[in-house]
Each structure stands twice: as C-alpha cells, then as structure tokens.
1. Please indicate, with yes or no, whether at least one residue in the range A:195-205 is of a type in the set (S, T, N, Q), buried (at least 22 other Cβ atoms within 10 Å of the Cβ), farther than 24 Å from A:G11 by Cβ and more than 14 Å from chain B (Cβ to nearest Cβ).
2. Run down B:G29, B:G25 and say which single residue is within 10 Å of chain A (Cβ to nearest Cβ) and over 20 Å from the mean Cα position of the chain (by Cα).
3. If you go through the range B:318-357 one residue at a time, how many are at pLDDT 95 or above, more than 14 Å from every other protein chain (Cβ to nearest Cβ) and assigned to a loop (DSSP other than H, G, I, E, B)?
4. Could you pull out the residue among A:V256, A:V219 that is crowded, with 19+ Cβ neighbours inside 10 Å and more than 16 Å from A:G55 (Cβ to Cβ)?
5. So is A:V96 modelled with pLDDT of 95 or more, in a helix (DSSP H, G or I) and under 25 Å from A:V239 (Cβ atoms) or not?
6. When only residues in the range B:374-406 that are within 16 Å of the chain's Cα centre (by Cα) and among the hydrophobic types (A, V, I, L, M, F, W, C) count, which is nearest to B:G237 (Cα to Cα)?
7. Does any residue of the range A:151-161 turn out to be within 14 Å of chain B (Cβ to nearest Cβ), in contact with an Asp or Glu (Cβ under 8 Å, 6 or more places away or on another chain) and in a loop (DSSP other than H, G, I, E, B)?
8. The conditions are (1) buried (at least 24 other Cβ atoms within 10 Å of the Cβ); (2) assigned to a helix (DSSP H, G or I), and B:A140 fails exactly one of them. Which is it?
Amino acid sequence: MTTSSAGTDTGITRLGEVFTAAKAEDRAALIGYLPAGYPTVKGSLGLLTQALDAGADLVEVGLPYSDPVLDGPVIQHAVDQALRHGVRIRDTLHVVEQLAARGGRAVVMTYWNPVLRYGVDAFARDLAAAGGLGVITPDLVPDEAGGWLAAADREGLAPIFLVAPSSSDERIASTTAATRGFLYAASTMGVTGARDAVADTATTLVARARAHTDLPIGVGLGVRNGAQAGEVASFADGVIVGSALVSAAEHGRAAVARLTTELAAGVRGQHTGR
Amino acid sequence: MTSAPTASQGLAGTAHEPDDSGHFGRWGGRFMPEALIAAVDEVAAEYEKARRDPAFLAELDRLQRDYAGRPSPVTDARRLAEHAGGARILLKREDLNHTGSHKINNVLGQALLTKRMGKTRVIAETGAGQHGVATATAAALLGLDCVVYMGEVDTERQALNVARMRLLGAEVVPVTTGSRTLKDALNEAYRDWVASVGHTHYILGTAAGPHPFPRMVRDFHRVIGLEAREQVLAAYGRLPDAVVACVGGGSNAIGIFHPFLDDEGVRLVGFEAAGEGVESGRHAASITGGSPGALHGAMSYLLQDDDGQTLETHSISAGLDYPGVGPEHAYLADSGRATYEPVTDAEAMDAFRLLCRTEGIIPAIESAHAIAGAVRMGPRLVAEVGPDAEPPLILVNLSGRGDKDVDTAARWFGVVDPESLPTEEPPPGTDAQTGEREL
C-alpha cells in the first residue's frame, strides 16, 4: 500500500485505525449505513450519532440519489423520501462534518453521478475538509476512476471499491490494488436488503480477496441481526449493516440503538443467537 | 437491382468504433456495479465471437429475412412532401417489420446471443412497449423465459402493448418507483440482472448503457442505414441530402445514421422530444437541454439538476420519455457530424395527423417527431440548394407504426367520445386484484 500524498494524519490512516483497534480486541469492526436526510437532515444526524454511540465503529453516510440501481426497496424508499424533502449534497457533507466534530468516523456511500456533477476534485476537497475518511462507490469501478483516484490521493481520502462473487480473480486483483482503507465485499449477487441467511458466497469471496490484499475486508449485503453479524465477523474484518438499520430507523432512535447494540455484541462473538 | 445488404453486414466493423473499453471520445464506458462487470464482459466476448461466426451471421440473416421481413422498403412520400417546401421525403419503413418497429433488429440479435451464452431467461425494459413486444416475440420464438419491466405510467398509456406482451407469454412487471417511466424500468431491470445474471441476459433496448451495448445494439440496427443507402442510390442515383430520425435513447437514429458517417455531403439530424418546449422544463431533450453525466452505465448527455439527480422528463411519446441518450450520439453531437433539434408534443402530433392523412400511414408518436423534423427542415434545404436544383432528398427513419398510440392520438385530437375509450375500470370477469385474466 502506498502512502497518500496528503501526509500521515489522513482519512486513510484514520480509517485504518478503525480496523486495527477492532483487531486488537480480536473482533471485527461494525459498520453501519444510514442515508443523510432520512427522515430529515437533523434526524439523520441523530440516528447516525446514535449508531456510533451504541457501538458502530464506523458509519457510512448515504448520499441520496434518484436512481439507486444497487439498492433494494428499503433503502430506495428512504432515499426517495430524503430527496422529496429536498436533501442536497451539501447536507450530506454537513452531516459528515457534524459527526466528525464529535469524534465520529464516517465515510460517504454515493452513486457516482452526484459527485461528477459536484465536481470530483471539489467533492474530495470538501469531504476531506468535513472530516470524512473515504468514499464507497457502488457504481464506479476503478477502470473509470482515474480522476477520483488522483483527487482521493491528494486529499488523503480512501477510495473504497466493491468486489462481488462474480468478480474474476483478475478483477479482484485490480480492484484491491486501487482500494484504500478497506475492501467492500458484496456477500451475494443482488441488491441491498436484509436476508435470512448469510450467503456461502461471502466466505468464498473473502477468501479469494485475501489472496490479493492485506486490506481489511468488510462484508455487506443482507446482514440483519446479531447472530448473522457474529457469523460474518468470524471470517471478515468488518460487518456492514445497511437495510436493517434503515428499517430500524423507521421506528426511531431507540430502535437504531437497540439493533446497533445487538450487532455490536454480535461482532464481539457475544450474541447468543436467535 | 442488386441484392439488399443483410443484417449481418451491420456487424462487420467500421472505421467508427469505440475504444476497447467502450469509450466514444469522452463518452460511454462503464459506470456500473462491479457485480455486473463479469456479465457485460461475457456479452462483449460472446458478441466478438458471434460477429465473426458464419453460422451465427447466417442465422441472424435468415431470421431477419424470413421472420422479421427484411429488407424494409423505402416509400417516396409524395403527398407528405407537398408540406415540406419542395423537398422530397423518403420514408424508411421500419414500421413494416414484424412487431411493428425497428426494435426487432436488435432483439433477434441479442436473443440469438442469449442462446449462444447458454442462458435461458431474458429481461428487458420498455417505454412505449415496442422493445418489450419485440423481446417477448423473440423469447417466444427461441423458447426463452421473458420478463419485461415497464413503468406504471407507461403500462397505462400503452395498454395495447402490455396485452401483446402477455399474449406472447412474457411477464410484464409494472414499475412503481420514481417517475414510473422508462428510466425506472431500467433501474428495475438492472436490479433483476444483478441477482439473476447466472442464467439471465438483459436485452437492453437502445444503443445506450454500459459497453458493449451501445456498439452492439448499433451494429444490429446498422442494417437500417445499409439498406436505405443502397435503396436511395438505386432509385435516385444519388445519396440523400439529409438523414433524419427521432432520438430517445437513439437506437433507430444511430442505426440509420451510421452507414452515412463517411458521406460528408449527407447531413444527419436527430429530433429529440421537446415535450411542452425545452424552455418549459417539461421535455426529454437530453442533448439540446442536458449536460454531461453518468446514468445507467454510460457517460453521456443527461437531464439532471445541480446535484446530479436525474430530472423527471416529459414527452407525449413514451418511447422518447427518457432523461439520457446513447453515448455515440453525444460524441456525434460534440463532433458536429450530427446535429440534434427539439420537436414538441404539438409539432409531433401535427406531423402524426399529416402523415395519416397524406400517406395513409399511422406512425408511432416517436417516429412522428422525425416526420415533424423533416417537414420543418424541408424549406431550409430547398433554400440552400436553390430553386433551380433538383429537390433535396430527405430520408426519414419511420421507426415504428402507431397502433399502440391510437388511444393517445384519439384523445389528443378528440376524434372519439372520451367515454368510449378504455378506462381504469376492469371489464367483468377480470381478476379484481391484478386486472388480469388467465390467458
């Protein structure tokens, strides 16, 4: 891994600390996703804060987009509501800034067109200034990411790409080579959404990815409870929970706190199962 | 007359290809989830093999000839031309193909490719329903399972095509998210494909999306321009002065434009759906009124707001009601080789009626945009060549027939009592929940 041109105290290094700290406790990191602006900008800040306070090591702040092709109904519904309430890109940056100001660690999850429109360099600059650590890009692959890789490097942000069960070994190699911070492994072939069981494809994919990289590997898509979190934690460095948290968010902060606590116990191997 | 060019000649490769990763200059490429990269790689590799495989090419030509009815004729529209300032208007009759539009050209090609890849199921998005009908048709012919995603708004305004698809054995899924039109149908098709890619091919319906679709779909439609070029040369001893087509995603336009790219004297004009006027904000003219962005897999012109959110579009024509456009059109617009002009709903419907009454042809409302454009540019071309010259030839791609649009047109012109038109109310004996009967 190369060091960023932005120095040593960068988003990338702080993101690395999330995983080293978890590893020191012999557990996986818990990563929670919630979209900015759902149910309101202020409400989303409260929910994300709650997730961090209840045991999430890192949050993904979703940047709402009109055409989320990799998202299932739960997240579609939430971002649709956020957009109907008029959420803007600057609101997402504001949420990240507020989280970072109180010591929270946050990356942004965004489809690529909003960043293109905002300006790739400007987005990297403003996200770094807000204290964000990196960006997960579900519909941007490294092949098309030249400008973003340069901007991320300049600002010390982690470009976080996805690998999928369908990825060839060659693509896993090239994708991991472009990724910083952690690698996002999609557990299954499908859109986001809670599932009843962790797919076998997840363990295979993580094993394949480990052959190409020393990066921490986070597994997402389908995790919904503490037992599943514990299962994923047994073979991954990070457990990513999205739709289940968004569903909980429909019931308010207490529900988010409850689920996060359960998931945090899960990644520590303390969940008794259900 | 020499024998007509065949569909397979469209696949032969040209001097106008994207780079290996599908870029036309700064446009195109692959802006899409990693999970689908393996699938589009497979499609690209299989297409490269297929287009060099004599057996595949022969089968494609056989189907296009014996099943779809190619070549389609060119009709000299003399009575229509009386409204075009002295220009001569030639109609390339893609409306006469089996299923009633140009869409069959692409669908037969991709359905054959699906079989080659050993996949058993196809999915498609559709706006007006023409691509959905063509896909359902090819699926029936080749024994493939077929699911078509269609925005709920479009299932209502194109109810006839929904019925056609179901009769052909396809499942039609109304899409209720977002603006409930074509772009949302594409989103749902992508979501299906991510989860089904092992056994499913996505028959993308226009020359857009991630590489290799813009190039491959274009190639399957190049037969339109290859035929028309020969037909016009044979009948008039010269090339047309202008080749025009409607542009939504742009597949019929790129199909007829492409074989003329090297004919410098032939101007290429695409007509975009201006809805209630580009200045009204209620339109679907991506090149005229849009800006660069990435949607549904490719970099192209896009109707979007300051935050990169896709804007809701409007066109009376469901098939043009889409906020993006194929990347090769963006490239041709930038280079100036093709130009793009807006045509409003009202202009298109005037042209729709004009073609009905002068030529006895009911066009698809999509294609009526091209007719409107041709009639509008006629006097301009005549003025350019001068009064003593031969009348200029305008070749129009009449991409589809208008049976599906009869409801919309009847309402627009008030030619029938609105009470007599179909309503939301299901007829007796219909399943109250789904509005469906067993077929």
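The values are calculated or read from the model by the stated rules, or taken from the named source; none is laboratory data. Treat the numbers as computed from the prediction; the structure is a model and nothing was measured. Cβ atoms come from the backbone with ideal geometry, glycine included; neighbour counts cover every protein chain shown.
1. For the range A:195-205, residues of a type in the set (S, T, N, Q), buried (at least 22 other Cβ atoms within 10 Å of the Cβ), farther than 24 Å from A:G11 by Cβ and more than 14 Å from chain B (Cβ to nearest Cβ): absent.
2. Unique residue meeting the criteria: B:G29.
3. Residues flagged as at pLDDT 95 or above, more than 14 Å from every other protein chain (Cβ to nearest Cβ) and assigned to a loop (DSSP other than H, G, I, E, B) within the range B:318-357 amount to 4.
4. Only one candidate passes the filter, namely A:V219.
5. The answer is yes for A:V96.
6. B:V396
7. Checked the range A:151-161: at least one residue is within 14 Å of chain B (Cβ to nearest Cβ), in contact with an Asp or Glu (Cβ under 8 Å, 6 or more places away or on another chain) and in a loop (DSSP other than H, G, I, E, B).
8. Condition not satisfied by B:A140: (1).
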